[in-house]
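The values are calculated or read from the model by the stated rules, or taken from the named source; none is laboratory data. Keep in mind it's a predicted model, so treat the numbers as computed, not measured. Cβ sites come from the backbone with ideal geometry, for glycine too, and all protein chains shown count toward neighbours. Heads up: the accessible areas ignore ligands, DNA and RNA and are worked out on the full protein's heavy atoms, side chains in. Shrake-Rupley method; radii C 1.70, N 1.55, O 1.52, S 1.80 Å.
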Amino acid sequence: MKKACVIGWPIKHSRSPLIHNYWIKQHQIDAVYERHAVAPENLHSFIRGLEAKGFSGCNVTIPHKQAALACVDHFDARVSLTGSLNTIYLADGKINATSTDGEGFYNNVISVKHGFTVANKSVLMLGAGGSAKAICEKLLRENAAQIVIVNRTQSRVAEFQKIFGTKIKMATEAKLKEHMAETDLLINTTSQGMTGQPELKINLTSLPPHAIVADIVYVPLKTQLIKNAEALGLTTVPGLGMLLHQAVEGFHLWFAIRPQVTSVLYNMVEADILAEQNI
Ligand SMILES: NC(=O)c1ccc[n+]([C@@H]2O[C@H](COP(=O)([O-])OP(=O)(O)OC[C@H]3O[C@@H](n4cnc5c(N)ncnc54)[C@H](OP(=O)(O)O)[C@@H]3O)[C@@H](O)[C@H]2O)c1
């Protein structure tokens, strides 16, 4: 039997087992996807022991996404640029790592807006945290014209400019309206709007009618940002699809099958989130 798992500390809120075990069953693979709470002091020995424990690989979540870099034999350019990984897989006798958040974000946008390409387009990004970095890496690889970043802590945007170069522009909230007018894709990568966090207060009326508004927050399933964009008739991309699409690549690396993100899977994970919120 093949095995994969997700590791974090704590780990009980991860929905990865639900997603991967759904695909395992759908494709009738002799495999199981587990969850393991791994304390920081046990991270190195757990990752180095993956093969001995019978795992093909694992997902890595908070707080291990940076520390795990020191535990693997090889990581790709996505990981070296962003300094963070979320997927480990065994191949060619080595422990390898990648990051699938950027692919997950972009494929989710395309699944909503078929045929969309960010090439030569202007992006307005709210936030400059870990997910923002993974998304920037992917959008620049897809030839985005520029990514204008607004973040509470401006020094973090300067770090993005150092990593990704001159296509990253720093903006202040005062200039938001101006930037919005030339935006093709607006993305919230901050935790604002998430249940239990402060609301994201932003006026979207300066966006052009073709603009896409994406939120990577998925609890609640439809954030106020997404509701406001819908009310203006804009194309909207809620965050749950990113979670599902980022899982595709890991599954493919471990089990050699590229699974589909279907409405059945989407509804199942959505129901799990609603149940947790007692809605
Ligand atoms: N859909 C998915 O698959 C997916 C994947 C990953 C993450 N997420 C969600 O994305 C969100 C961000 O995750 P992350 O890992 O990137 O977090 P992170 O690295 O901690 O970054 C958080 C970002 O939010 C900003 N922020 C937080 N509170 C704020 C506030 N009160 N006012 C203004 N800005 C604030 C931070 O600004 P400062 O730099 O100023 O602190 C930073 O830019 C979380 O809600 C997470 O659940 C979703």
- Item | Paramagnetic reach from GLN161 in region 113-153 [backbone N under 18 Å; point 7 Å along Cα→Cβ] | 123-129, 133, 136-137, 145-153
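Which of rounded, prolate or oblate describes region 223-279 when judged by the alpha-carbon gyration tensor and an a/c cut-off of 1.5? Numbers along the way, then the final one.
Values: a/c = 3.04, a/b = 1.64, b/c = 1.85.
It is oblate, given that a/c is not under 1.5 and a/b is not larger than b/c.
Suppose only helical runs count, i.e. DSSP H with n ≥ 4. What mean residue ellipticity at 222 nm does that imply for the chain under -39500 (n - 2.57) per run, divided by all residues and rounded to the nearest 500 deg cm²/dmol? Before the final figure, lay out the partial values.
Values: 10 runs with 101 residues, N = 279.
That calculation yields -10500 deg cm²/dmol at 222 nm.
Which whole-number value in Å² is the accessible area per residue of region 129-250, probe 1.4 Å? Let's see the in-between values first.
On the way: 5480 Å² over 122 residues.
With the other protein chains kept in place, region 129-250 gives 45 Å² per residue.
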- Message: Let me check the size of the chain from its C-alpha atoms; what are the radius of gyration and Dmax in Å?
- Response: 18.8, 56
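Provide the gained length on full extension for the span ALA70 to LYS175, in nm with one decimal, where the gain is 0.36 nm per separating residue minus the Cα-Cα distance. Each step should come with its number before you reach the end.
Working: separation 105, 0.36 × 105 = 37.80 nm, distance 4.00 nm.
Net length gain for the segment: 33.8 nm.
Pop out the carbon and sulfur fraction of the accessible area of the chain as a percent, whole number, probe 1.4 Å.
52 percent
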- Message: Give the lysines whose C-alpha is closer than 25 Å to that of LYS12, dropping any in the same chain fewer than 8 places away, or say none.
- Response: LYS2, LYS3, LYS25, LYS53, LYS65, LYS222
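Can you give me the Kirkwood hydrodynamic radius for region 155-255, using every pair of distinct Cα atoms, in Å to one decimal? Can you show the working numbers first?
Numbers: mean 1/r = 0.0658 Å⁻¹.
In region 155-255 this quantity evaluates to 15.2 Å.
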- Message: Going 7 Å from the Cα of GLU276 along its beta-carbon direction, which residues of region 1-44 have the amide nitrogen within less than 15 Å of the resulting point?
- Response: 6-20, 35-36
- Item | Spacing of the two label points (7 Å from each Cα toward its C-beta) at ASN21 and LYS227, in nm | 3.3 nm
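Can you compute the charge dipole magnitude of the chain about its Cα centre, using +1 on each Lys and Arg Cβ and -1 on each Asp and Glu Cβ, nothing else charged? Give it in debye, rounded to the nearest 20.
Values: 27 positive and 23 negative charges, 45 e Å.
Around 220 debye, computed over the chain.
Take peptides 53-62, 5-14, 127-136 and line them up by average Cβ neighbours within 10 Å, highest first, as a rough protection proxy.
127-136, 53-62, 5-14
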- Item | Label-to-label distance, nm, for residues given as GLN260 and GLN28 (7 Å Cα→Cβ offset) | 1.7 nm
- Selection from THR61, ALA4, ASN21, by position along the positive dipole direction of region 1-72 (Cβ): ASN21
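Roughly how many Å² is the accessible area per residue of region 1-85, as a whole number, for a 1.4 Å probe? All intermediate terms of the calculation are to be shown ahead of the outcome.
Numbers: 4240 Å² over 85 residues.
Heavy-atom SASA per residue in region 1-85 reads 50 Å².
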- Note on the structure: Placing +1 on each Lys and Arg Cβ and -1 on each Asp and Glu Cβ in the chain, then taking the dipole about the Cα centre, the residue among LEU265, TYR218, PRO40 whose Cα reaches farthest towards the positive end is PRO40
- Task: Nearest 5 is fine: what % of DSSP beta bridges in the chain come out antiparallel, could you say?
- Result: 20 percent
